[in-house]
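A short worksheet on the structure shown next.
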Amino acid sequence: MATPDRALVRWCLIATAAGASAALSPPMSAMAMTGPGMMGGMVESPPGPMDSMMGSMWALMSWMNGADLDGTPSSPEPPIEPALLAVGQRSYSAHCAACHGEKGDGKGLQAGRLSPRPRDFTTGVYELRSTPTGSLPTDQDLFETISRGIHGTAMVPWIALPEHERWALVAWLESFSKRFAEEPPGPAVVVPSAPPETPALVERGRVLYQRMSCASCHGISGRGDGPSAATLQDQAGRPAHPTDLTQGRFERGSGMADIFLTLRTGMDGSPMPAWGTALSPDETWALAAYVRRLLSRPQPGPAMGCPMMTGSADRQEQAGMMIDMPGMPMGGMRMNP
Ligand code: HEC
Ligand code: HEC
């Protein structure tokens with residue numbers, strides 16, 4: 001067996017090569033990459049090629065460089081049957097239990113070394129929803145989270161798993177909380193089309209940022225250092241840190257529509273509140289535009305380099321990658337044949 005360092009280097013070389021050839025081959029170059037991920041650019045996953053090892057590696061590399069992935073499913077959700085649940089259970093044990101625990105309680109063997117901790121699925125409380133605060137996510141929300149990963153955390157994108165298996169995982173995750181059997185998901189929040197990010201809109205957002213006390217948690221300059229920042233806790237009673245809005249790598253994503261949904265639906269289980277319709281769509285867009293203006297650093301986007309070697313990947317993201325891929329390359333993350 002190779003030493004971890006060698007394995008890492010090998011993995012990086014393969015990944016870099018995968019990235020290069022992915023970018024050169026016609027189906028891959030057809031992918032829409034609208035600039036750096038942090039400015040709303042997304043790595044679209046065309047059906048087919050993205051299911052290939054090359055495509056998955058390339059998407060993963062881009063993610064580690066800070067890009068947001070598009071997790072929209074290309075296949076309809078399969079009916080929930082025992083066979084599907086069995087696939088979900090097997091896949092969960094193989095890929096998720098190390099962190100989320102065999103029983104879905106967030107107490108996997110690796111959980112203690114991660115911050116934030118892996119989600120406890122038994123509560124049915126999810127941060128990333130298209131549904132109003134307090135309600136369950138939709139199946140598609142979960143599918144998208146699994147596919148897109150969560151920036152700044154050890155939850156990497158599981159884009160390498162076939163879509164059918166990701167749907168099976170959704171069904172299995174839902175079986176951990178009886179809420180899913182008892183309640184329907186909330187009605188999905190409608191996201192109107194985003195307005196242009198004009199200076200006037202940004203200025204309106206700046207005023208709202210102060211009026212809505214965003215600064216009390218996120219700080220005047222958005223660095224996550226507001227006066228209440230040190231006192232915040234998540235629902236499990238652990239310290240919760242307001243996101244440094246100047247750094248990017250948002251959990252949901254940093255496109256206009258992503259931030260719109262974050263403000264509308266909040267991040268349940270964390271102190272990030274939901275404003276729902278207390279803010280008009282125009283006001284919500286203005287805040288989103290202002291938050292995007294706060295992203296001060298040059299934001300990395302889809303790139304060819306090896307993030308583990310250049311150090312551009314977030315620490316938690318790297319930790320997740322190492323846990324998920326113990327054997328390198330792609331040890332834990334099974335690729336399609
Ligand atoms: C290396 C550890 C790790 C592995 C392996 C892992 N996760 Fe996670 N996962 C996390 C962490 C950490 C979070 C919490 C992120 C946060 O608080 O924002 C999380 C959060 C989630 C969420 C919750 C998102 C929300 O809206 O609150 C879902 C769903 C999820 N994981 C599904 C999975 C599935 C399915 C797998 C297996 C295919 C998996 N995870 C594997 C670490 C992991
Ligand atoms: C009570 C404290 C608090 C207030 C007030 C607050 N936030 Fe947050 N916010 C948080 C915390 C904590 C997080 C991190 C949640 C997490 O990652 O689990 C967060 C996360 C975010 C994120 C990142 C979302 C992502 O996808 O990672 C954005 C954007 C954001 N807040 C914008 C705002 C804006 C704009 C306002 C004012 C309208 C605001 N917040 C008010 C505590 C707060």
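Here are a few things to note about the model shown:
- Cα gyration tensor category, rounded, prolate or oblate, for the stretch 188-232 with a/c compared to 1.5: oblate
- Derived scalar couplings between HN and Hα for the stretch 221-229 equal 8, x, 7, x, 10, x, x, 8, 3 Hz in order, rounded to whole Hz, by the Karplus curve 6.51 cos²θ - 1.76 cosθ + 1.60 (θ = phi - 60°), x for Gly and Pro.
- Charged-residue dipole, Cβ positions (Lys, Arg, Asp, Glu), the stretch 199-294 about Cα centre, Debye nearest 20: 160 debye
- Distance from the alpha carbon centroid of the stretch 212-291 to that of the stretch 51-91 works out to 27 angstrom.
Readers should treat all values here as calculations from the given coordinates under stated rules, not as data from a laboratory. Nothing here was measured: the structure is a model prediction, and the numbers come from that model. For neighbour counting, all protein chains shown are included, and Cβ atoms are generated from backbone atoms with ideal geometry for every residue, glycine included.
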